[in-house]
1. Give all pairs with beta carbons closer than 7 Å in which a residue from the range 38-54 that is more than 14 Å from Asp19 (Cα to Cα) meets a residue that is among the basic types (Lys, Arg) and surrounded by 12 or more Cβ atoms within 10 Å (Cβ to Cβ); count only pairs at least 6 apart in sequence or on separate chains.
2. Could you check the range 4-41 and list, in sequence order, the residues that are surrounded by 12 or more Cβ atoms within 10 Å (Cβ to Cβ), small (Gly, Ala, Ser) and under 13 Å from Pro55 (Cβ atoms)?
3. Please list, ordered by first then second residue, the pairs with beta carbon atoms under 8 Å, 6 or more apart or interchain, first in the range 3-14 and over 23 Å from Ala34 (Cβ atoms) and at pLDDT below 80, second surrounded by 11 or more Cβ atoms within 10 Å (Cβ to Cβ) and of a type outside the set (S, T, N, Q).
4. For the range 53-72, how many residues are surrounded by 12 or more Cβ atoms within 10 Å (Cβ to Cβ) and more than 12 Å from Val14 (Cα to Cα)?
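The values are calculated or read from the model by the stated rules, or taken from the named source; none is laboratory data. From a predicted model like this one, the values you see are computed outputs, not experimental measurements. Reconstructed Cβ throughout: ideal geometry from the backbone, glycine too, with neighbour counts over all protein chains shown.
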Amino acid sequence: MNPFESFGPEDEAVLEYGDGEFHIVKPGAYVICAVTGAHIPLKALRYWNVDKQEPYADAAAAQKGFGLEREM
C-alpha cells in the first residue's frame, strides 16, 4: 500500500483470500459479507472461502456460504 493512499470508514476494501491469510488489493475499512450483506471491518474478518473468494461475517454465515447449514 502506498503511504499516500488514504481511505475513510465509508470505503470498501478489495481483498484476495488465501489459506489462512488475505491480501489487500484495494485498501478500505471493510468488506461485505457474501451471505448477510453486513459490513465486516478488516480487523474483525475471520471467515472466508478461498475457492469462492467470499468473506463471511460469522461462523453461521460461513456455514451457509460453504453449503454446510443443517436442516432442522
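1. none
2. Ala13, Gly28, Ala34, Ala38
3. Matching pairs, first to second residue: Glu5/Pro27.
4. Within the range 53-72, residues that are surrounded by 12 or more Cβ atoms within 10 Å (Cβ to Cβ) and more than 12 Å from Val14 (Cα to Cα) number 11.
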